[in-house]
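Asker: There's a structure below that I have some questions on.
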Amino acid sequence: MRNFRKYEVWSDSVELAEHVFYITRAMHSREYFTLHDQLRKSAISIPSNIAEGCARTSQREFKRFIEIALGSAFELETQLLIAKRVTALEGLNTMFEPLEVLQKKLNSLRTKLK
């Protein structure tokens, strides 16, 4: 069993999720509730899937959960792009670069697991 806490990509994704929670606090309106909820779910899904994959016994299963985490990272990017278009939330632009770095790290880890 792997220790998920030792993976830099896991700690980076936890930090990103924390940032998403901070920024989405400003989405008080019912109008944005669904987007608010989806942003948070996608952000939480990334480190959660990395951690769950670490608990798997085979390399193949671990790789599959890294792929799911990568999918959640791209889902989060899409939701951030939508939020940027429909809201005036400050701080959204600061999230794209760390998210792109995280996506690259997840893809690199996935590639190493082949």
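The values are calculated or read from the model by the stated rules, or taken from the named source; none is laboratory data. Model, not experiment: these values are computed from the prediction. Using ideal geometry, Cβ is built from the backbone for each residue, glycine included, and neighbour counts are taken over all protein chains shown. Keep in mind that these areas ignore ligands, DNA and RNA; they rest on the heavy atoms of the full protein, side chains included. Shrake-Rupley method; radii C 1.70, N 1.55, O 1.52, S 1.80 Å.
Asker: How long are the semi-axes of the equivalent ellipsoid of segment 1-109, taking √(5λ) for every eigenvalue λ of the Cα gyration tensor, in whole Å from largest down?
Answerer: So the equivalent ellipsoid measures 27, 12, 11 Å along its semi-axes.
Asker: Going by a ≥ b ≥ c, the root eigenvalues of the Cα gyration tensor, does segment 27-73 fall in the rounded group (a/c under 1.5), the prolate group (a/b larger than b/c) or the oblate group?
Answerer: Taking the square roots of the gyration eigenvalues as a ≥ b ≥ c, segment 27-73 is prolate.
Asker: What accessible area per residue, rounded to a whole number of Å², is obtained for segment 1-57 using a probe radius of 1.4 Å?
Answerer: Result: 64 Å² per residue.
Asker: Something else now. Compute and list, largest first, the equivalent-ellipsoid semi-axes of segment 48-114 from the alpha carbon gyration tensor, each √(5λ) rounded to a whole angstrom.
Answerer: 28, 11, 8
Asker: Right, something else. Mind checking the angle between helix 93-112 and the chain's longest principal axis? C-alpha axes, 0 to 90 degrees, to the nearest 10.
Answerer: 20
Asker: Right, something else. What is the helix-to-structure angle for 33-54, meaning the angle in degrees between its Cα long axis and the longest Cα principal axis of the chain, kept from 0 to 90 and rounded to the nearest 10?
Answerer: Result, in degrees: 10.
Asker: Run the 1.4 Å probe and let me know the accessible area of TYR22, rounded to the nearest 10 Å².
Answerer: Answer for TYR22: close to 140 Å² accessible.
Asker: Just to confirm a number: summing +1 for Lys and Arg and -1 for Asp and Glu over residues other than TYR22 whose beta-carbon lies under 15 angstrom from that of TYR22, what do you get?
Answerer: Result for the neighbourhood of TYR22: -1.
Asker: In degrees between 0 and 90, to the nearest 10, how far off the longest principal axis of the chain does helix 59-86 point, with axes built from Cα atoms?
Answerer: Orientation of helix 59-86: about 10 degrees from the principal axis.
Asker: Positive end of the charge dipole of the chain (Lys, Arg +1 and Asp, Glu -1 on Cβ, about the Cα centre): tell me which of LEU99, ASN3, SER13 has its Cα farthest that way.
Answerer: It is ASN3, whose Cα lies furthest towards the positive end.
Asker: Which sequence of THR34, THR57 reflects their accessible areas, 1.4 Å probe, from the largest down?
Answerer: Sorted descending by solvent-accessible area, the residues read THR57, THR34.
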